[in-house]
Amino acid sequence: MSELTLTVMRLGFLAVLWLFVIVAVQVIRSDLFGTRVTQRGSRRDAGRAQQQAARQAPPQQRQQQSGGRGRRNAPTKLVVTEGTLTGTTVALQGQTITLGRAHDSTIVLDDDYASSRHARIYPDRDGQWIVEDLGSTNGTYLDRSRLTSPTPISLGAPIRIGKTVIELRK
Amino acid sequence: MSSTTNSPTHHTSTIGAIGAPSRRNTELALLVFAVVIPVFAYANVGLAINDSVPPGLLSYGLGLGLIAGVGHLVVRKFAPYADPLLLPLATLLNGVGLVVIWRLDQSKRLQASSTFIEAAPRQLLYSALGVGLFVAVLIFLKDHRVLQRYTYISMAGALILLILPLVPGLGENVFGARIWIKIPGLGTIQPGEFAKIVLAVFFAGYLMVKRDALALASRRFMGLYLPRGRDLGPIIVVWAISILILVFETDLGTSLLFFGMFVIMLYVATERTSWIVFGLLMSAAGAVSVASFEPHVQQRVQAWLDPMREYTLSRQGVVGHTEQSMQALWAFGSGGTLGTGLGQGNSDLIGFAANSDFILATFGEELGLAGVMAILLLYALIVERGVRTALAARDPFGKLLAIGLSGAFALQVFVVAGGVMGLIPLTGMTMPFLAYGGSSVIANWALIGILLRISDTARRPAPAPAANPDAEMTQVVRP
């Protein structure tokens, strides 16, 4: 076999090996476990488009829209404001957030008054966030009232579980 | 697969469930790539050595393709959200390793030796067995948390596996290290490779329960959190066991691997830097004191400090010295930046263990610095995916298990590569997936299987909220 062919093959093999490494790194870059950089951009674009639409829309329609479900006031994060986990935030991305002492909860509460599966917070079909008590011993409180059924959460309303208080924020 | 937005009229701030993409097709594409590269290498070796494309090219390619294909289909069925990179990376390393083992089989010098056996067909068989175990792990281990129940059984199992090589009649002393056991009719196996996985299960289960005590009760001294005396118990026990391994099995690698894995997991579980400091001090003290009286370890240290002297002594026929360390360094040196090309090096001069402990030297000579860097990056990517899996895992047991397994994998690569390159004393371990050796290949495929299982659980999208049976009665009235 000629020297030239072997040299080309040698360099070719190294190139292919490195190409594989580079492709693998590219896969990792775009694979950040469910978070997508592109989406934030497109969401902002969409938001701008809607603002424009709202500006052009006739007044009563606009009222209807803003009164509808306060879509522009949709919460983007959940913040723990009191208790041992104070300061923890969880981005709201349409996933169900479970709260409780169980290890697999989204927010693991280290609280004597919390049950292992205490409550969950999830978006309904329209994107309104709902809090539901999962039959906890000591109950879940929204503002001052104990929850008996799945209840929509308004922005900034304190949800109290034992010593922990959480809020939805923009 | 992708995010769902709301109806087109208000497609603004409602963020639908971002279904984690399963990425199985990415895996398939990479897997095809990972099969093509070794086939290319195989053809290259044949052309370089025999001037012809090797006759087994098609069957080898099909064999590797079949192994990869079965692995992929099983992942698709049983772990659809698992990490897309681990399987292709492992397949590529395994395939390239097979090619280099085959290349060393073709060496006239090695064929002339009395202990020569065709290693490549055996290695292909071991790889198939390894993928078989990988498939079994994915099918039968539905949830890695099941392993948590076997915490203390794992401890007992790991100890038995570690002690087996010392049992008279069963253990076998191969070139100074007692890390093999001989099973009549089946050949020898290295139980340490399997003990690695079992021990990771035990450490994960144990540390998950005890980490609060180990993390919180401590005094601050010079910027370090000093643990209380009684909390030092576990680390001392593991340290003592690893020292015993070093003394009785005279294997620095296994000893370092187990102690290192425990320290890594302890650090991850407690977030206390002091454990790392303690671990380093203890392992250094242990290794130095054992090296001062154990002749086998001493010899390894000598070969590390002055390989040239060892080489000349061995050439002069003095017993108890080795030429290999120096030969490996020469192999790396003559490879240069781009290497001599596959099949055109002289790394077969290393002779015994050229295709197992010293396989990296062949890579160094024939693929050069560029090739070895690529191989090390492939290992780094496997470790990175393991650590990423640990970050994404939701349960503490899975986190610790993933970090323990990838930490052990990283340590093993470091210990072997460092040993061959002369950074640390050489030990009797094998490069995962690359080197010839059944236990190593099989155990590491199982390790990849467990990591895939954990990453599948971690990346699986959360189930949709169950329909509420009272939904009819509790209609929410919105303003």
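The figures follow:
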{"item": "Selection from the stretch A:76-114 of residues that are in a strand (DSSP E or B) and of a type in the set (Val, Ile, Thr)", "result": "A:79, A:80, A:81, A:89, A:90, A:97, A:98, A:107, A:108"}
{"item": "Any hit, the stretch A:109-120, residues being at the interface with chain B (Cβ under 9 Å from one of its Cβ atoms) and either modelled with pLDDT under 85 or within 30 Å of residue B:400 (Cα to Cα) (or both)", "result": "yes"}
{"item": "Scan of the stretch B:282-313 for residues that are within 15 Å of residue B:235 (Cα to Cα) and surrounded by 13 or more Cβ atoms within 10 Å (Cβ to Cβ), ordered by number", "result": "B:282, B:283, B:286"}
{"item": "Only one of B:109, B:145 that is over 27 Å from residue B:380 (Cα atoms) and either part of a helix (DSSP H, G or I) or out of contact with any Leu (no Cβ under 7 Å at 6 or more places or on another chain) (or both)", "result": "B:109"}
{"item": "Selection count where residues are open to solvent by less than 40 Å² (accessible area, probe 1.4 Å) and either more than 7 Å from every other protein chain (Cβ to nearest Cβ) or at pLDDT 90 or above (or both), scope the stretch B:3-25", "result": "4"}
{"item": "Pairs with Cβ under 9 Å, 6+ apart, first in the stretch B:105-131 and more than 22 Å from residue B:444 (Cβ to Cβ), second β-branched (Val, Ile, Thr) and surrounded by 15 or more Cβ atoms within 10 Å (Cβ to Cβ)", "result": "B:106/B:45; B:106/B:49; B:107/B:49"}
{"item": "The stretch B:239-253: number of residues that are under 17 Å from residue B:195 (Cα atoms) and either in contact with a Leu (Cβ under 8 Å, 6 or more places away or on another chain) or surrounded by fewer than 21 Cβ atoms within 10 Å (Cβ to Cβ) (or both)", "result": "10"}
{"item": "Flag for residue A:142 being among the aliphatic types (A, V, I, L, M), away from chain B (no Cβ under 11 Å), crowded, with 20+ Cβ neighbours inside 10 Å and farther than 20 Å from residue B:459 by Cβ", "result": "no"}
{"item": "Residues satisfying the stated conditions in the stretch B:186-215, i.e. of a type in the set (Asp, Glu) and within 17 Å of the chain's Cα centre (by Cα)", "result": "B:193"}
{"item": "Qualifying residue in the stretch A:68-75 (condition: at pLDDT 80 or above and either within 10 Å of chain B (Cβ to nearest Cβ) or in a helix (DSSP H, G or I) (or both))", "result": "yes"}
{"item": "Count of residues meeting criterion [more than 19 Å from residue B:126 (Cβ to Cβ) and modelled with pLDDT of 85 or more] in the stretch B:165-208", "result": "11"}
{"item": "Single residue of the stretch A:145-164 satisfying the filter (in a strand (DSSP E or B) and within 11 Å of chain B (Cβ to nearest Cβ)) that is surrounded by the most Cβ atoms within 10 Å (Cβ to Cβ)", "result": "A:151"}
{"item": "Residue identified as crowded, with 20+ Cβ neighbours inside 10 Å and more than 22 Å from residue B:179 (Cβ to Cβ) among B:260, B:317, B:279", "result": "B:279"}
{"item": "The stretch B:352-408, subset closer than 30 Å to residue B:114 by Cβ and among the hydroxyl-bearing types (Ser, Thr, Tyr), residue nearest to the other protein chains (Cβ to nearest Cβ)", "result": "B:362"}
{"item": "Residue match in the stretch B:90-112 (condition: out of contact with any helix residue (DSSP H, G or I) (no Cβ under 9 Å at 6 or more places or on another chain), of a type in the set (Gly, Ala, Ser) and at pLDDT below 90)", "result": "yes"}
{"item": "Residue match in the stretch B:26-49 (condition: modelled with pLDDT under 90, open to solvent by less than 30 Å² (accessible area, probe 1.4 Å), among the small types (Gly, Ala, Ser) and farther than 18 Å from residue B:363 by Cα)", "result": "no"}
{"item": "Residue check, residue B:356 surrounded by fewer than 24 Cβ atoms within 10 Å (Cβ to Cβ) and either in contact with a Phe, Trp or Tyr (Cβ under 6 Å, 6 or more places away or on another chain) or not hydrophobic (A, V, I, L, M, F, W, C) (or both)", "result": "yes"}
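Here's the yes/no breakdown for (1) within 11 Å of chain A (Cβ to nearest Cβ); (2) under 26 Å from residue B:460 (Cβ atoms); (3) touching a strand residue (DSSP E or B) at 6+ places or on another chain (Cβ under 7 Å):
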| position | (1), (2), (3) |
| --- | --- |
| B:45 | yes, no, no |
| B:66 | no, no, no |
| B:75 | no, yes, no |
| B:90 | no, yes, no |
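The values are calculated or read from the model by the stated rules, or taken from the named source; none is laboratory data. Predicted model only: the values in this text are computed from it and were never measured. FYI the Cβ positions are ideal-geometry reconstructions off the backbone, even for glycines, and counts take in every protein chain you see. Accessible surface areas use protein heavy atoms only, side chains included; no ligands, DNA or RNA. Shrake-Rupley method; radii C 1.70, N 1.55, O 1.52, S 1.80 Å.
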